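One structure is given below, encoded as structure tokens.
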Amino acid sequence: MSADPNATVVYRARAIRTMDRSQPVVEAVAVRDGRVLAAGSFEECASWGPHVVDDRFADHVIVPGMIEGHAHSLEGAFAMLPYVGWFDRHRLEGTAPGVRSYDELVDRLRRLDADMRDRGAGALEPLVVGGFDPIYFRNEARLTRDHLDRASTERPIFVFHASAHLATVNSAMLAAHGITRDNAVTGVARDTDGEPNGELQEMPAMSLASSALQSILRAMNDPASIDALGQICANQGITTVCDLASAGLQRPAVQDLWHATVDRDTFPARILQRHVAAIPPGASTWDDAAEHLLTLAERDTDKLRTAGIKIILDGSIQGFTAKMDWPGYYTGTDHGVWMTAPDQLLDICRPFHQRGINIHAHCNGTLTIDLWIDTVERLVIEYPWLDHRHTVQHCQLTSPAQFRRMARLGMCANIFTNHLWYWGDEHHDLTVGPERARRMEACRTAELEGVSFSIHSDANVTPLGHLHTMWCAVNRVTPSGRVLGESERISAASALHAVTIGAAYQLHLDAELGSLECGKTADFTVLDDDPLAVDPMAIKDIGVWGTVVSGVPFPGRHAD
């Protein structure tokens, strides 16, 4: 027992949910050296010796620190970009209103262009905005360069879609980068005359508009954007966020900046980096890439760590670029793209799997899920690693048969429950049709088939915040009021498990994070009410005080 009364702090709260089966609810938790010393009654926590009592959370509810297993550092940069999405969105400076018509979009772009001119921006400096998705505008033709040319024919404009898989640009952007009918890159959409119509589908096509992409990349690696990400985490009750687009293999030099920004005591979250699979500069093989990742991991700290790699297999369902098996899309045109060649996937993954590096694969369409399960099966037959926890990311249309195979192979699922709200009606009416839409984001089936799962926001694609992902998994309500697959609802307790110990397990961190028990890291999410006690429809509206990370409180800063 410590003789220093400041070494142990005992927190009391209205309720403390531990996610520890042996004692699910306690009245106090003692913290020492950034770790949970004890959880139980106040007397039990106090019995460890000299301590101070902190009652700042006496009227609040404490749960284990919520873990976002699939987000992007772009969420911080996105907070700095002008917003043109359909739904109103909370941002650090307040609520940004949504855009509900093309006229409104054009008007907003004109104002932004005028603002850029007023501050002296050069005519060729691109105007980059985010959050848009044409699928919501059912009474309009698909957004093209012609619509954006109404905003400006001089300044290059880049409208980044909410999915981050597509963008629409104006004629000035096409001209600035020489994107013409002669361009052979897959994903450059065309009009009836064969000319680029302004829609760029997936990264190979979007990267042609390099000035816009460079602007986004600079923003993502700006310390101010990283700080913004940390504050958003505190605001939303997220203590650990996993970035699934880290670039340590592609651009190793950025790691110095990330460590300098995140490793400060004042940074309010821990960040796990899941690096996009790539052969690093100067290397030539996937074995080299795997060794380089191990080198990155040697620099891991408490706040910034290496999680493994991410492989992107296809595009987005709402963008019609996901790879779909028979019968394909319900309506619209199938633009499905293999982002990784299927015949190369095993060779890419083998060096990482051999070295005990966890792999997560982006799988939206039905074809990609089968491919990834087949690949993991081959990997574990060749190199038996019984605790790999390789994960299907997004996992949106996974069938019961696929979940059964995943369970037998020890795979995990990270399920994109926010899609049920943000695109549920569109999936029902436009992309996959009523039957398949009802089994999207099938948390209950994963649970019944014994697959360990988490749920995610994919921020910046949808806003960071697990109270909303939980609300979606529990209620499965769409903006039209439709309940999309009532039998796939899960309990609030299961949803809380998914964003705490379930996410920690998926990240091989369940011995350290995800529950409040002796010896684990003292990471809490502090809420205004109990998500397991309120009406299920009220879960998303619970207020967030902030977080405690390694025993240090970080209050949220809420503009409205």
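The values are calculated or read from the model by the stated rules, or taken from the named source; none is laboratory data. What you see is a predicted model; the values in this text were computed from it and never measured. With ideal geometry, Cβ positions are generated from the backbone for all residues, glycine too; neighbour counts draw on all protein chains shown. Remember, those area values only see protein heavy atoms, side chains included, never the ligands or the DNA or RNA. Shrake-Rupley method; radii C 1.70, N 1.55, O 1.52, S 1.80 Å.
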THR95 meets each of (1) among the β-branched types (Val, Ile, Thr); (2) modelled with pLDDT under 95; (3) within 22 Å of PRO156 (Cα to Cα) with one exception, condition (3)
The conditions are (1) under 26 Å from ALA459 (Cβ atoms); (2) out of contact with any strand residue (DSSP E or B) (no Cβ under 6 Å at 6 or more places or on another chain); (3) among the aromatic types (Phe, Trp, Tyr), and PHE352 fails exactly one of them. Which is it?
(2)
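Tell me, which strands (runs of 3 or more DSSP E) wholly within the range 70-141 include 1 or more residues that are β-branched (Val, Ile, Thr) and touching a residue at least 24 places away in the same chain (Cβ under 8 Å)?
Where strands (runs of 3 or more DSSP E) fall fully within the range 70-141 and carry at least 1 residues being β-branched (Val, Ile, Thr) and touching a residue at least 24 places away in the same chain (Cβ under 8 Å), they are 94-96, 127-132.
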Over the range 406-438, the set of residues open to solvent by 30 Å² or more (accessible area, probe 1.4 Å), within 14 Å of ARG482 (Cβ to Cβ) and of a type in the set (D, E, K, R) is ASP429, GLU435, ARG438
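In the range 481-488, is there at least one residue being of a type in the set (Asp, Glu) and in contact with a helix residue (DSSP H, G or I) (Cβ under 9 Å, 6 or more places away or on another chain)?
Yes.
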Provide a single number: the residues in the range 273-284 that are in contact with an Asp or Glu (Cβ under 7 Å, 6 or more places away or on another chain) and either open to solvent by 20 Å² or more (accessible area, probe 1.4 Å) or assigned to a helix (DSSP H, G or I) (or both).
1
Report every pair of residues separated by at least 6 positions or lying on different chains whose Cβ atoms are under 6 Å apart, first residue within the range 273-287 and closer than 8 Å to GLN250 by Cα, second of a type outside the set (Val, Ile, Thr) and assigned to a loop (DSSP other than H, G, I, E, B).
ALA278/LEU249; ALA278/GLN250; PRO280/LEU249
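Where residues in the range 161-178 are without any contact (Cβ under 8 Å) to a residue 60 or more places away in the chain and under 31 Å from the mean Cα position of the chain (by Cα), which of them is surrounded by the fewest Cβ atoms within 10 Å (Cβ to Cβ)? Let's see the steps before the verdict.
Within the range 161-178, the subset without any contact (Cβ under 8 Å) to a residue 60 or more places away in the chain is 167-178.
Those left that are additionally under 31 Å from the mean Cα position of the chain (by Cα): 167-170, 173-174, 177.
Values: ALA167: 28, THR168: 24, VAL169: 29, ASN170: 28, MET173: 29, LEU174: 22, HIS177: 18.
Within the range 161-178, the match that is surrounded by the fewest Cβ atoms within 10 Å (Cβ to Cβ) is HIS177.
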Scanning the range 40-63 for residues that are more than 31 Å from the chain's Cα centre (by Cα) and open to solvent by less than 40 Å² (accessible area, probe 1.4 Å) gives GLY40, SER41, CYS45, ALA46, GLY49, ASP54
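Looking at the range 225-242, is at least one residue open to solvent by 30 Å² or more (accessible area, probe 1.4 Å) and hydrophobic (A, V, I, L, M, F, W, C)? Don't jump to the end; show me each part of the working.
We begin by selecting, within the range 225-242, every residue open to solvent by 30 Å² or more (accessible area, probe 1.4 Å); these are 227, 236.
Then keep just the ones that are hydrophobic (A, V, I, L, M, F, W, C); that gives none.
Within the range 225-242, not a single residue is open to solvent by 30 Å² or more (accessible area, probe 1.4 Å) and hydrophobic (A, V, I, L, M, F, W, C).
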Name the single residue, out of those in the range 82-101 being surrounded by fewer than 20 Cβ atoms within 10 Å (Cβ to Cβ) and aliphatic (A, V, I, L, M), that is nearest to HIS558 (Cα to Cα).
LEU92
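Take the residues of the range 353-385 that are of a type in the set (A, V, I, L, M, F, W, C) and out of contact with any helix residue (DSSP H, G or I) (no Cβ under 7 Å at 6 or more places or on another chain): which is farthest from THR295 (Cα to Cα)? Spell out how you get there, then give the answer.
Kept after step one, since they are of a type in the set (A, V, I, L, M, F, W, C), are these residues of the range 353-385: 357, 359, 361, 363, 367, 369, 371-373, 376, 379-381, 385.
Retained after the next criterion (residues that are out of contact with any helix residue (DSSP H, G or I) (no Cβ under 7 Å at 6 or more places or on another chain)): 367, 372, 381.
Details: LEU367: 34, TRP372: 26, ILE381: 27 Å.
Only one residue fits best here, namely LEU367.
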Residue satisfying condition, being touching a residue at least 12 places away in the same chain (Cβ under 8 Å), of a type in the set (Ser, Thr, Tyr) and in contact with a Pro (Cβ under 8 Å, 6 or more places away or on another chain), within set SER487, SER457, SER480
SER457
Only one of VAL254, VAL262, VAL241 that is touching a strand residue (DSSP E or B) at 6+ places or on another chain (Cβ under 9 Å), more than 13 Å from THR301 (Cβ to Cβ) and at pLDDT 95 or above
VAL241
So MET19, is it of a type in the set (A, V, I, L, M), surrounded by fewer than 23 Cβ atoms within 10 Å (Cβ to Cβ) and in contact (Cβ under 8 Å) with a residue 60 or more places away in the chain:
yes
Just one listed residue, out of THR547, THR478, is of a type in the set (Ser, Thr, Tyr), farther than 30 Å from GLY410 by Cβ and in contact with a His (Cβ under 8 Å, 6 or more places away or on another chain), and it is THR478
Looking only at the range 535-549, how many residues end up being out of contact with any Leu (no Cβ under 9 Å at 6 or more places or on another chain) and touching a residue at least 24 places away in the same chain (Cβ under 8 Å)?
6
Kindly evaluate THR301 against the criterion of being within 22 Å of the chain's Cα centre (by Cα), surrounded by 20 or more Cβ atoms within 10 Å (Cβ to Cβ) and not in a helix (DSSP H, G or I).
no
Need pairs with beta-carbon distance below 6 Å; first residue part of a strand (DSSP E or B) and within the range 51-65, second polar (S, T, N, Q) and modelled with pLDDT of 95 or more; sequence gap 6+ or separate chains.
VAL63/THR525; PRO64/THR500; PRO64/SER515
All but one of (1) more than 25 Å from VAL526 (Cα to Cα); (2) in contact (Cβ under 8 Å) with a residue 60 or more places away in the chain; (3) not in a helix (DSSP H, G or I); (4) not small (Gly, Ala, Ser) hold for GLU441; which doesn't?
(2)
